[in-house]
Every structure is written in C-alpha cells, then in structure tokens.
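*Asks:* Got a structure for you, written out below as structure tokens; questions coming shortly.
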Amino acid sequence: MQLITNPKNYDPSKGSVAGYLFGIARNLTRRDMNKSRHQVPLEDDHLVDGEELAEYGDLLEALSQSELVDWLRKAILTLPDQYREVVVLCDLEELSYPEAGDILRCSAGTVGSRLHRARTMLRAKLKCQGCLP
C-alpha cells in the first residue's frame, strides 16, 4: 500500500521493485518486533503433530527436536538486525547471496560475511543453552 499511495518514494536507480518492497516489509517487521520483542509467538505448524510422532516411534527424540527448534527460533530473534536478516533471507527463505544483497542493498560478499558471523553467534548461543555439544 505504501508504494501505491506514494510511488514517488521508489527510485528505480537504487534497486528493483522487489528489493524496495522487501525493504518496506523489513522496516515494518522491525517496528512490530521492537514493539513486542518479548511477546513473539512461536508457532510449530511445520513440526510433526502427535499422530505422526506415534508413527515415527521415538517420542523423546521428537520432543528434543522441537525443543531445539524453539531454542533456535529464540536465538535467531536475539541476533542483531543485520545478522537476523541474512539468516532469514538465506537460510529460511533460501535466497542466494546476490539476491539477499539486492534486498539488503549490500554486496554478496557482505551477505556471506554476515551470515558466517550470524551462524557463529547462533552456534555459541545454542552451546550456552546446552543444545549443542
């Protein structure tokens, strides 16, 4: 809606329409997260439900996996914005470094560096929680 109501803010020389829209979405998400940083719901829709767990057999292993996913989500939310964004774009949305760079308005090398640092931070946070050896 922001692009429709004020199209003069979009400058094609600065990037693609997709990048501009992702930027708007990113900024709106940041504002929303800052307002409710500690009240972010963690939905597990993609995890297996109770019936499927019984089919797979090892309930304890599945519970451990869901706890690990919860810790990972919480750890991602604690990352600084620049690192959280690259994790979401590259690891969760599976964008390439150049695609993420276009959205974030930085080079593919910068995306790679940020992603490496973000993964290092996540690994350290998960080790502190006892989730990783």
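*Asks:* Could you give every pair whose Cβ atoms fall below 9 Å, whose first residue belongs to the stretch 3-15 and is touching a residue at least 40 places away in the same chain (Cβ under 8 Å) and surrounded by 10 or more Cβ atoms within 10 Å (Cβ to Cβ), and whose second residue is assigned to a loop (DSSP other than H, G, I, E, B) and not hydrophobic (A, V, I, L, M, F, W, C), counting only separations of at least 6 or pairs across chains?
*Replies:* 14/105; 15/105
*Asks:* Can you confirm whether residue 118 is surrounded by fewer than 18 Cβ atoms within 10 Å (Cβ to Cβ) and not charged (D, E, K, R)?
*Replies:* No; evaluated as a whole, the condition is false for this residue.
Rundown of residues vs (1) under 29 Å from residue 116 (Cα atoms); (2) modelled with pLDDT under 75; (3) assigned to a helix (DSSP H, G or I); (4) not β-branched (Val, Ile, Thr), yes/no style:
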| residue | (1), (2), (3), (4) |
| --- | --- |
| 18 | yes, no, yes, yes |
| 27 | yes, no, yes, yes |
| 42 | yes, yes, no, yes |
| 63 | yes, yes, yes, yes |
| 72 | yes, no, yes, yes |
| 82 | yes, no, yes, yes |
| 89 | yes, no, yes, yes |
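*Asks:* Can you name the number of the only condition in (1) within 30 Å of residue 18 (Cα to Cα); (2) over 15 Å from the mean Cα position of the chain (by Cα); (3) modelled with pLDDT of 85 or more; (4) of a type outside the set (S, T, N, Q) that residue 35 fails?
*Replies:* Residue 35 satisfies all of (1) within 30 Å of residue 18 (Cα to Cα); (2) over 15 Å from the mean Cα position of the chain (by Cα); (3) modelled with pLDDT of 85 or more; (4) of a type outside the set (S, T, N, Q) except (3).
*Asks:* Now, a different point. Any residue in the stretch 109-132 that is under 11 Å from residue 75 (Cβ atoms) sitting within a Cβ distance under 7 Å of a residue that is small (Gly, Ala, Ser) and assigned to a helix (DSSP H, G or I)? List the pairs, counting only those 6 or more apart or interchain.
*Replies:* Note: pairs meeting the criteria are 122/75; 125/75; 126/75.
The values are calculated or read from the model by the stated rules, or taken from the named source; none is laboratory data. Here the structure is a predicted model, which means the values were calculated and not measured. Cβ sites come from the backbone with ideal geometry, for glycine too, and all protein chains shown count toward neighbours.
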